[in-house]
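The values are calculated or read from the model by the stated rules, or taken from the named source; none is laboratory data. Keep in mind that what you see is a predicted model, and the values were worked out from it rather than measured. Every residue, glycine as well, gets a Cβ built from its backbone with ideal geometry; the counts of neighbours run over all protein chains shown.
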Amino acid sequence: MTDSQFTPRVFSGIQPSGCLTLGNYLGAIKRFVQMQEEEYETIYCMVDLHAITAKLLDPATLRKNTRELAAGFIASGISPEKSILINQSQVPEHAQLAWIFNCIARMGWMQRMTQFKDKAGKNAEASSLGLFAYPALMAADILIYHATHVPVGDDQKQHLELTRDIATKFNQEYDVDFFPITEPVIEGAATRVMSLRDGSKKMSKSDASDASRINMTDDADTIAKKIRKAKTDPDALPSEAKGLDDRPEARNLVNIYAELAEITVDQVLADHGGAQFGAFKPALAELAVTKLAPISSEMARLMDDPAEIDRILAHGAEQAREITEPVLKKTYEIVGLVGA
């Protein structure tokens, strides 16, 4: 195959390791919704196997988180009629292909992964093997679908580079053109949404301070309160984007406004340049509530019917396996595994 012979197909996923945040929505899910309306087949995943790599979660919590993430996807506009929506563990070919890729990837490649270093910290030897091998499973998540495009944040670019390296090495080792060289899709003003308490840190569901993030389950009053209390600096907003240099908190709030309003940063500053944050924050809060409160309400409605979420995910797994089973079977044949 050549790249032009692969079906244009998008795969991406989010860990069900805690509350879905505004960062997840603006940095990923909003783009997922747009891509299902484009020329791609779209597959979106709750990567529950990845969620247990750093630490084992309480089983009931993991199940709740997985359903809540699925509810967040659907409430945000991802349609089970237009996209395949799955949780990773229901499609066993992900893990099966990951073992092949564990044998393709080199130790040196894995040791260079900065996310492992960040998550493992100073005591890497106490980390799970799963955390170390996480990027090979991520490569399998993508390539088991022959995905041609992956929307990713800046922090995942290195993992996608590894996916491309694994696909290239597999194709070269077996003299085939079987796996595509997947392209990253990185765009938008708020692809990396920062903490409301520290503009130098990514907004994270694992941050100890709930005030650092907007959760997609937050109600309207909570959203507005968090924005009003977001850290800022004493200066007025500039009239041009270069004026946001060295002002991480100001840049973060302007980026969030731009992405929610679906306008450019320059357009935001044309409207609000010269304003103090005492005037800008209420405008941002009103916009955020208008955009996010309906998603929060719909998530709550969906979570009241977990059986329906489970039905949607089970149907998605059936659809997914129509793609993954032939890909894994052919992979096994290429490798030479008997009985494939």
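Would you mind stating whether PRO135 is touching a helix residue (DSSP H, G or I) at 6+ places or on another chain (Cβ under 7 Å), crowded, with 20+ Cβ neighbours inside 10 Å and closer than 21 Å to SER206 by Cα? Outline the logic, then answer.
Values: touching a helix residue (DSSP H, G or I) at 6+ places or on another chain (Cβ under 7 Å): yes; crowded, with 20+ Cβ neighbours inside 10 Å: yes; closer than 21 Å to SER206 by Cα: yes.
When the stated conditions are applied, PRO135 passes them.
Quickly run through the range 234-248 and pick out the residues that are out of contact with any helix residue (DSSP H, G or I) (no Cβ under 6 Å at 6 or more places or on another chain) and of a type in the set (A, V, I, L, M).
ALA236
Just one of THR148, THR163 is touching a residue at least 40 places away in the same chain (Cβ under 8 Å), polar (S, T, N, Q), closer than 23 Å to GLY316 by Cβ and buried (at least 19 other Cβ atoms within 10 Å of the Cβ); which is it?
Numbers: THR163 fails: touching a residue at least 40 places away in the same chain (Cβ under 8 Å).
It is THR148.
If you check THR331 against the conditions, is it more than 21 Å from ASP48 (Cα to Cα) and among the β-branched types (Val, Ile, Thr)? Let's see the steps before the verdict.
Details: more than 21 Å from ASP48 (Cα to Cα): yes; among the β-branched types (Val, Ile, Thr): yes.
Answer is yes for this residue.
Please state which one of GLN276, GLN319 is assigned by TED's automatic domain parsing to the domain that holds ILE214, among the polar types (S, T, N, Q) and at pLDDT 95 or above.
GLN276
For the range 2-39, give me each residue that is β-branched (Val, Ile, Thr) and part of a loop (DSSP other than H, G, I, E, B). Let's see the steps before the verdict.
Of all residues in the range 2-39, those β-branched (Val, Ile, Thr) come to 2, 7, 10, 14, 21, 29, 33.
Correct list: THR2, THR7.
At pLDDT 95 or above, part of a loop (DSSP other than H, G, I, E, B) and either outside the structural domain of VAL289 (by TED's automatic domain parsing) or of a type in the set (A, V, I, L, M) (or both) - does that describe any residue in the range 185-195?
Within the range 185-195, one or more residues are at pLDDT 95 or above, part of a loop (DSSP other than H, G, I, E, B) and either outside the structural domain of VAL289 (by TED's automatic domain parsing) or of a type in the set (A, V, I, L, M) (or both).
When you scan the range 24-31, do you find a residue that is modelled with pLDDT of 95 or more, assigned by TED's automatic domain parsing to the domain that holds HIS149 and not charged (D, E, K, R), even just one? Outline the logic, then answer.
The initial filter retains those residues of the range 24-31 that are modelled with pLDDT of 95 or more, namely none.
The answer is no, given that none of the residues of the range 24-31 is modelled with pLDDT of 95 or more, assigned by TED's automatic domain parsing to the domain that holds HIS149 and not charged (D, E, K, R).
Out of ASP218, ASP141, ASP198, I need the residue that is of a type in the set (Asp, Glu), surrounded by 18 or more Cβ atoms within 10 Å (Cβ to Cβ), under 19 Å from GLY27 (Cβ atoms) and not assigned by TED's automatic domain parsing to the domain that holds GLY273. Which one? Explain how you work it out, then say what you get.
Details: ASP218 fails: not assigned by TED's automatic domain parsing to the domain that holds GLY273; ASP198 fails: surrounded by 18 or more Cβ atoms within 10 Å (Cβ to Cβ).
Step by step, each of ASP218, ASP141, ASP198 is checked, and only ASP141 is of a type in the set (Asp, Glu), surrounded by 18 or more Cβ atoms within 10 Å (Cβ to Cβ), under 19 Å from GLY27 (Cβ atoms) and not assigned by TED's automatic domain parsing to the domain that holds GLY273.
Looking at the range 87-116, which of the residues that are within 22 Å of the chain's Cα centre (by Cα), more than 24 Å from THR66 (Cβ to Cβ) and outside any helix (DSSP H, G or I) is modelled with the lowest pLDDT?
Filtering first and then ranking leaves MET113.
It is to be established whether one or more residues within the range 75-84 are over 30 Å from SER212 (Cβ atoms), assigned to a strand (DSSP E or B) and not assigned by TED's automatic domain parsing to the domain that holds ASN252.
Yes: one or more hits.
Answer yes if at least one residue in the range 143-159 is part of a loop (DSSP other than H, G, I, E, B) and more than 21 Å from MET46 (Cβ to Cβ), and no otherwise.
Among the residues of the range 143-159, at least one is part of a loop (DSSP other than H, G, I, E, B) and more than 21 Å from MET46 (Cβ to Cβ), which makes the answer yes.
With part of a strand (DSSP E or B) and either among the small types (Gly, Ala, Ser) or under 19 Å from HIS315 (Cα atoms) (or both) as the only criterion, which of THR42, THR66 stands out? Steps first, please.
Numbers: THR66 fails: part of a strand (DSSP E or B).
From the options THR42, THR66, the qualifying one is THR42.
Of all residues in the range 117-127, which are exposed (fewer than 13 other Cβ atoms within 10 Å of the Cβ) and outside any helix (DSSP H, G or I)?
GLY121, LYS122, ASN123, listed by residue number.
Taking the stated definitions as given, is ILE166 over 17 Å from the mean Cα position of the chain (by Cα), of a type in the set (Val, Ile, Thr) and assigned to a loop (DSSP other than H, G, I, E, B)?
Working: over 17 Å from the mean Cα position of the chain (by Cα): yes; of a type in the set (Val, Ile, Thr): yes; assigned to a loop (DSSP other than H, G, I, E, B): no.
No, not satisfied.
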